[in-house]
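Here is the structure we will look at.
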Amino acid sequence: MNQPKFPPGWDEEKVQRVLAHHEHQSEEDTLLEDEAGLEPSNTVMNVLHDLVPKIRELIAKQQRKQLRRRLRVNQPVFAH
C-alpha cells in the first residue's frame, strides 16, 4: 500500500487533529469559522463555467486600474 503524501508541514497526526476538530464542531461554530475566513472586501459566489473567463478578465482590468491609480499617487512631484 502507498504511503499518503501530505503537504509540507503536515503529517498523519495533524490530519487526524484537524478531522477531529471539524467532526466535533457545532454547525454554528463551523459557520462562524467560515465567515471569519472571508475578508469583507471579497465576495464568494457560484457562476456558470462559461462566464469564468469574462469574470477573470473584468477582475484583471480592475486590478490594473487600481495599480495605475496607486502608481500615480506614489509618483514623486518634482519642482521646476
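FYI, it's all coordinate maths here, none of it is from the lab. Quick caveat: nothing in here was measured; it's all calculated off a predicted structure. Virtual Cβ from ideal backbone geometry, glycine too; neighbours counted across all protein chains shown.
With r defined as the distance between the Cβ atoms of Arg68 and Val44 and R0 fixed at 30 Å, what FRET efficiency is calculated, to the nearest 0.05?
0.65
What nm distance separates the two modelled labels at Lys54 and Ala36, each placed 7 Å from Cα along Cα→Cβ?
3.8
How much length would be gained if the chain were fully extended between Gln3 and Gln16, taking 0.36 nm per residue of separation minus their Cα-Cα distance, in nm to one decimal?
Going from the current span to full extension adds 3.1 nm.
Run through the stretch 1-61 and list the trypsin sites (Lys or Arg not before Pro) located in a DSSP loop whose Cβ has at most 12 other Cβ atoms within 10 Å.
Those satisfying the criteria are Lys5.
Using a Cα-Cα cut-off of under 18 Å, which lysines could be cross-linked to Lys65, ignoring same-chain neighbours fewer than 8 residues away?
List returned: Lys54.
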